[in-house]
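Undergrad: First the structure, which I've put down as structure tokens, then a few questions once you've had a look.
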Amino acid sequence: MGIESLIIFLLIGAIAGWLAGQIVSGYGFGLIGNIVVGIVGAFIAGLLLPRAGLTLGGGIIDSILFATLGAVILLFLLRLIRRA
């Protein structure tokens, strides 16, 4: 993985984490937290969404949307665990 790919990877994670934090109100993790939430969300989306029949293209916007969906799922799961 080149340095450009790593920067894009981290940027997509940060944007997806920030968007998920805006969608699921009450969550603000800062830059590093948003990156982690976005990357974990992308991993969750990569596992769950294709099995549900949802696929997106290969562009950066599509990657951000995909990672954001996964991050929203992650934040909802965290919210459910905290309330239990």
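The values are calculated or read from the model by the stated rules, or taken from the named source; none is laboratory data. Keep in mind that this is a model prediction, so the values were computed, not measured. Cβ: placed from backbone, ideal geometry, glycine included. Neighbour counts: every protein chain shown.
Undergrad: Restricting attention to the range 2-35, and to residues there that are in a loop (DSSP other than H, G, I, E, B) and either touching a residue at least 40 places away in the same chain (Cβ under 8 Å) or on the phi > 0 side of the Ramachandran plot (or both), which single residue is surrounded by the fewest Cβ atoms within 10 Å (Cβ to Cβ)? Give the derivation first.
TA: Initial filter on the range 2-35 (in a loop (DSSP other than H, G, I, E, B)): 2, 24-29.
Next, only the ones that are either touching a residue at least 40 places away in the same chain (Cβ under 8 Å) or on the phi > 0 side of the Ramachandran plot (or both) stay: 24, 26-27.
Working: Val24: 17, Gly26: 7, Tyr27: 19.
Per the stated criteria, the residue is Gly26.
Undergrad: Another one. Looking at the range 45-64, which of its residues are surrounded by fewer than 18 Cβ atoms within 10 Å (Cβ to Cβ) and assigned to a helix (DSSP H, G or I)? Working first, answer last.
TA: Going residue by residue through the range 45-64, those that are surrounded by fewer than 18 Cβ atoms within 10 Å (Cβ to Cβ) are 46-62.
Correct list: Gly46, Leu47, Leu48, Ile60, Ile61, Asp62.
Undergrad: Give me a count of the residues in the range 63-84 that are among the aromatic types (Phe, Trp, Tyr) and within 19 Å of Leu10 (Cβ to Cβ). Can you show your working first?
TA: We begin by selecting, within the range 63-84, every residue among the aromatic types (Phe, Trp, Tyr); these are 66, 76.
From the residues that got through so far, the ones that are within 19 Å of Leu10 (Cβ to Cβ) too are 66.
The qualifying residues number 1.
Undergrad: Any residue in the range 41-62 that is polar (S, T, N, Q) and under 20 Å from Ala14 (Cα atoms)? Give the steps one after another, and end with the answer.
TA: Residues of the range 41-62 polar (S, T, N, Q): 55.
Filter once more, keeping what is under 20 Å from Ala14 (Cα atoms): none.
Checked the range 41-62: no residue is polar (S, T, N, Q) and under 20 Å from Ala14 (Cα atoms).
Undergrad: Out of everything in the range 4-35 that is among the aromatic types (Phe, Trp, Tyr) and farther than 14 Å from Ala67 by Cβ, what residue ends up being modelled with the lowest pLDDT? Walk me through how you get there before you give the answer.
TA: Taking the range 4-35 and keeping what is among the aromatic types (Phe, Trp, Tyr), we get 9, 18, 27, 29.
Within this subset, residues satisfying the condition of being farther than 14 Å from Ala67 by Cβ are 27, 29.
Working: Tyr27: 61, Phe29: 75.
Only one residue tops the list, namely Tyr27.
Undergrad: Is the range 36-52 home to any residue that is touching a Gly at 6+ places or on another chain (Cβ under 7 Å), farther than 11 Å from Gly70 by Cβ, of a type in the set (Gly, Ala, Ser) and without any contact (Cβ under 8 Å) to a residue 12 or more places away in the chain?
TA: Checked the range 36-52: no residue is touching a Gly at 6+ places or on another chain (Cβ under 7 Å), farther than 11 Å from Gly70 by Cβ, of a type in the set (Gly, Ala, Ser) and without any contact (Cβ under 8 Å) to a residue 12 or more places away in the chain.
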